[in-house]
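**Q** Below you will find the structure I want to go over with you.
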């Protein structure tokens, strides 16, 4: 152990430098602990964001399927209306022909 002066300071320069290094290391470790806590908090936020993104993706996929089904139904209705129009036009033509013959 190094001899100490009356005011508590180490006598030799090497001991003084080692004490300063130790004190700086303590401060560095405290900063690292704070940084680790911030990184952990950031990781938790990223995990929450990833879960939300996954949930949103599932929701969007479900809605896309629902929209695709609705579009298919509309397409079928339009196709049926087109067939109905052709049938109606055919019936009107035939009725007109019958009216001409009976007149």
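**Q** Quick one: helix 13-102 against the long Cα principal axis of the chain, what's the angle to the nearest 10°, folded into 0 to 90?
**A** 0 degrees
**Q** Among (i) 1.15; (ii) 0.99; (iii) 3.32, which is the computed Cα Rg over 2.2 N^0.38 Å?
**A** Computed from these coordinates, Cα Rg over 2.2 N^0.38 Å corresponds to label (iii).
Computed from the coordinates by the stated procedures, all read-outs in this text should not be read as laboratory data. Keep in mind that what you see is a predicted model, and the values were worked out from it rather than measured.
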